[in-house]
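Take a look at the structure set out below.
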Amino acid sequence: MTSSSSSPSPAGGPLVGGPADPEHDPNAAYALEPAYVERLTSRILATTGTTKPLTSPLDGAPLAHVPQSSADDVAEAFARARRAQASWARVPLDERAAMLLRLHDIVLDRQDEILDLVVLESGKARKHAFDEPVHIALTARYYARTAHQHLDTRRVKGVVPGLTRVEVNRVPKGVVGIISPWNYPFTMALCDGLPALLAGNAVVTKPDAQTMLTALLGARLLEEAGFPADLWQVVAGAGRELGTPIIERSDYVCFTGSTATGKVIARQCAERLIGCSLELGGKNPMLVLRDADLERAAEGAVRASFSNAGQLCVSMERMYVADQVYDRFVERFVARTEAMTLGATLGWENDMGSLISQDQLDTVVAHVEDAVAKGARVLAGGRARPDLGPYFFEPTILEGVTPEMTCFGQETFGPVVSLYRFHDEADAVARANDGEYGLNASVWTQDGARGREVARAVKCGTVNVNEAFGATFASIDSPMGGMRESGMGRRQGAEGIRRYTESQSVATQRGLRLAPVLGMSDETYAKVMTANLRLMNKLGRA
Ligand code: NAD
C-alpha cells in the first residue's frame, strides 16, 4: 500500500488554505471560506444560539461551527413545511418534474464543489465521492421522467362492469421526516427526499452531525433548482434529542442508519401508526463461483470491500470463494489491495481515503485485533495509519475467521473483509444466508443464468451478478433495500416514490344500485348475485 503526496484541489470553489492555495502555507490545513460556511449553516432552522464544532477527518482541522436546533425548532420546521406543502401539492406534476431535471444539471455542473465538500467532511477518496452526485443526478432524472407512470390517477375495474367507475388517486402523505447518516452525505441527504417532493410532500430533514455542510449544500442546490425554500427544512442536532420530536410530527419517516436505531424508530412510528422505511445495516456476502473471471472478480472485490473505506451499507465484508479457484483469486485480490494508494488529499490520486471518526477507527481496530487474537491471519493491511491522517486504516483481508470472532457476523462498517473457501455451491449459499442481515449480495460467474439462479436463493434485497453493488444501486428503476434486519420498505423504483403517497380509491356508481331493485326481496337479490358470481368465474373474469 502506498501513500499519495499532497496535490492541488481540482476545484476552485470555496476552499482556502491547504496545498490547493498558492497564497497560503502549503502545509496548512484545508479550510473553507467563512462566507461560504455562513451561507450553508444559515439554512439550518436553529434558535438555541449554541453551535457544534465540525472538523475534517482528513487532518482534524476545524471546518465550521454548526448551529444546533431544539425540539421547538423542530416544531417550527414542521409548521413551515406544512404551510409550504399545502400550496406545493397544487403545483402541476410537470412543473415539479422540471425542477428535478434542473437539479440534475446543477449537480453535474457543480460537481467539483460537491466533491470538495464531501471529501473534506467525510475523508473519503474523491473517486468514491464521485458516486454521490452521479447517484443524485440519476435519481432526479429517473423520477422526473417517470413521474406520470408512478403518480397519475389510474382507472381500475369496478364491481359492475360499465356501471362502477373506479379511480385510484395518489395523495401525498404531507410532511416526510428524513433522518440520514454520514457515510454518503450528499446522496443520503437528498436521494430519498427527491421522490417525496415530486409526490407533493414537504420534507423535514436531520442529516448526521458529522456531515452537515454537504447536506446543507444539497438544500441550497434544491432552491437553485426552483424548489421553494420552506418545502425542505433542515434541523441539526443529536438523533437521540431530535429523533422523537421529528417522528411525533411526521406523516411518514424515512430512516437510513444502523439496525439498532432503526428498531427504535420503528417502535415510535408504530405508536403513531405512521409508515416508515428503514434502510439499515448489512454483513454482505460475495460469492465467487468456480467459473468466475478471476481478474474481473478480484478487481470487483477491491471496489466491493474498500469503496469509501468500507463505510458503505452495501459493501462486502464476507467472501465465499470456490475451492478450485480460491488460491488464484486470493493472489490477485491481495496483489490489487496491496497496490492501493491511500492519502488525505482532495485530488483523484487516492484509491482509498480515511475513516470518518475515532469511533469508526476504534470499531475497525477492535474487530481486527479480536480476529487476530483468536487466530485469524492477515493477508493484506491490518494496521492503522496515523502517518496519513488521524483515522486511516489499511484495506484489510482476513483468512481463518471463525464464528467466535466479532467480525464473523457483526457489521464492521470499515475496510475489512474475511475470506472463506467453499466446496459446494448450496453450502456457500447457506453460509451467505447465515445471520440476521439481508441487504446486498454479489455473485461472480461467467454464466449469467447460473448467477441469477444463485441470486434467487440468496436472502438479500439486492443481488449483483458480476458487480459489487453499483449495478443495482445505480439502476434507479429497481427497488433497493433490505430483507430481515437490514430494513423495511424500499428506496428507488415505483416503491421508492409510492411510499410517500396514500392510495385513495374513488368509485362512482351509475345506473344500477348495489342493492335489491324493483321490489326484489333480499333473498332473491342474494340468489341473483350468487348466480352472477358463478357466471363471472366461469367467464374467467378477475
Ligand atoms: P446511526 O443509526 O447511529 O445514525 C444514523 C442517523 O440516525 C444519524 O442522523 C443519527 O443522528 C440518527 N440517530 C441516532 N440515534 C437516533 C435516535 N435515537 N432517534 C433518531 N435518530 C437517531 O447510524 P451510523 O452508525 O451513524 O451509520 C452507519 C449505519 O448505517 C451502518 O449500520 C450502515 O450499514 C447503515 N447504513 C445503511 C444504509 C442503507 O441504505 N441500508 C446506508 C447507509 C448507512
For Cα pairs less than 8 Å apart in space and 6+ apart in sequence, what is the mean separation divided by the residue count of the chain, i.e. the relative contact order in percent? 17 percent
Between the helical axis of 358-373 and the dominant principal axis of the chain, each derived from Cα atoms, what acute angle in degrees is found, rounded to the nearest 10? 70 degrees
List the residues, sorted by chain then number, that are 5 or more residues from Asp293 or on another chain and whose placed amide H is less than 5 Å from its amide H. Thr445, Gln446
Percent relative contact order for segment 33-280, counting Cα pairs under 8 Å at least six residues apart, stands at 24 percent
Run the accessible area of the chain with a 1.4 Å probe and give the carbon-and-sulfur part as a rounded percent. 52 percent
Taking every DSSP beta bridge that has both residues in segment 389-542, what percent is antiparallel when rounded to the nearest 5? 10 percent
How much length is gained if the chain between Thr406 and Glu299 is pulled fully straight, taking 0.36 nm per residue apart and subtracting their Cα-Cα distance, in nm to one decimal? 35.8 nm
Within the chain: Cβ-based charge dipole about Cα centre, in debye rounded to nearest 20 (Lys, Arg +1; Asp, Glu -1): 3020 debye
Could you check the simple spin-label distance between Asp72 and Ser521, using points 7 Å along Cα→Cβ, in nm with one decimal? 7.2 nm
Backbone N under 12 Å from the Arg39 label point (7 Å along Cα→Cβ), restricted to segment 212-240: 217, 220-221, 224
Relative to the present Cα-Cα distance, how much length would full extension add between Asp291 and Glu338 at 0.36 nm per residue of separation? 14.4 nm
Counting heavy atoms of the protein chains only and a 1.4 Å probe, report the per residue accessible area for the chain as a whole number of Å². 41 Å²
Using mean Cβ contacts within 10 Å as the protection proxy, how do 474-483, 30-39 order, highest first? 474-483, 30-39
Quick one: which residues, 5 or more positions from Ser277 or on another chain, have an amide H under 5 Å from its amide H? H modelled 1.01 Å from N in the peptide plane, none for Pro or chain starts. Val253, Cys254, Phe255
Ranked by how many other beta carbons lie within 10 Å on average, peptides 59-70, 351-362 from highest: 351-362, 59-70
Give the ranking of Lys127, Lys206 by solvent-accessible surface, highest area first, calculated with a 1.4 Å probe. Lys127, Lys206
What order, most packed first, do the peptides 148-161, 298-311, 506-519 have when packing is the mean number of other Cβ atoms within 10 Å of each residue? 298-311, 148-161, 506-519
Going by amide H atoms built from the backbone, whose H comes under 5 Å of the H on Met316, apart from near neighbours? Ser305
Cα axis of helix 448-457 to longest principal axis of the chain: angle in degrees, 0 to 90, nearest 10? 70 degrees
In degrees between 0 and 90, to the nearest 10, how far off the longest principal axis of the chain does helix 522-538 point, with axes built from Cα atoms? 50 degrees
Heavy atoms only, probe 1.4 angstrom, no DNA, RNA or ligands counted: give me Thr261, Thr345 ranked by accessible area, highest first. Thr261, Thr345
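The values are calculated or read from the model by the stated rules, or taken from the named source; none is laboratory data. Predicted model, so just to flag it, every value in this text is computed and none were measured. A quick note on method: Cβ atoms are made from the backbone with ideal geometry, for glycine too, and the neighbour counts reach across all protein chains shown. Each accessible area value is taken on the protein alone, full model and side chains, heavy atoms only, with ligands, DNA and RNA left out. Shrake-Rupley method; radii C 1.70, N 1.55, O 1.52, S 1.80 Å.
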